[in-house]
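Worksheet: the structure to be examined is printed underneath.
Only the coordinates and a few stated rules stand behind these numbers; no lab work does. Just so we're clear, the structure is a prediction, and the values are computed from it rather than from any experiment. Backbone-built Cβ (ideal geometry, glycine too); neighbour counts: all protein chains shown.
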Amino acid sequence: AINMGVTLSEGNLRNGVNSTEAGSPHDAHGTIPVTTGKWYFETHIGNVVGGNIGIFNLNEADVFLNNTGSPVSNPFCDGEGWGFVMGSGNKEHAASNVSFDSAPSVGDIFMTAFDMDAGKIWWGVNGTWLQSGNPATGSNAVYDEGALGFGYAVPVLNASDSVELTGNFGQDSSFAGA
């Protein structure tokens, strides 16, 4: 599923938004939610650093819509999402955008791991988990929702204008040759 201004390619794994796309946000998210288990995906940052990467809780059918039926301006803050802000290194959830770590660079591989049963999420760059996180041991999670968990979660690649984000869910570690 997608929101305004998204241009998908590479089997819908690349969310590339050129500078002429109108509207915001430019979200591309999975359509098959997970409810249990441990999950991992990577995202290659293309030509410009920007946008958000994270997961959304699809318990609510309208998680991407405001009360007028229009897309929300920032689903990570406005909806039930947990996101990393690529341009600033901030983290976002439930109307909170706070300083977290440094922003990644063009060409970096951004890592996302989440444990649906424990309700935890971790982020990393180029093989190193941020803030001394360790998904293997469950320590130093970026968010720890505990028993509340993430509900029905799907990964999200939210690209800003001129940004290109390509996901890898185990199918292509070259990110389509990038």
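Rounded, prolate or oblate: which fits region 84-178 when a ≥ b ≥ c are the square roots of the eigenvalues of the alpha-carbon gyration tensor, with rounded for a/c under 1.5 and prolate only if a/b beats b/c? In terms of gyration-tensor shape, prolate. Between VAL98 and ALA147, the contour length at 0.36 nm per residue exceeds the alpha carbon distance by 15.3 nm.
Charge tally for VAL142 (other residues, Cβ to Cβ under 10 Å; Lys, Arg +1; Asp, Glu -1): 0. In plain terms, the chain from ASN140 to SER173 could stretch by 9.3 nm, reckoned as 0.36 nm per residue minus the Cα-Cα distance.
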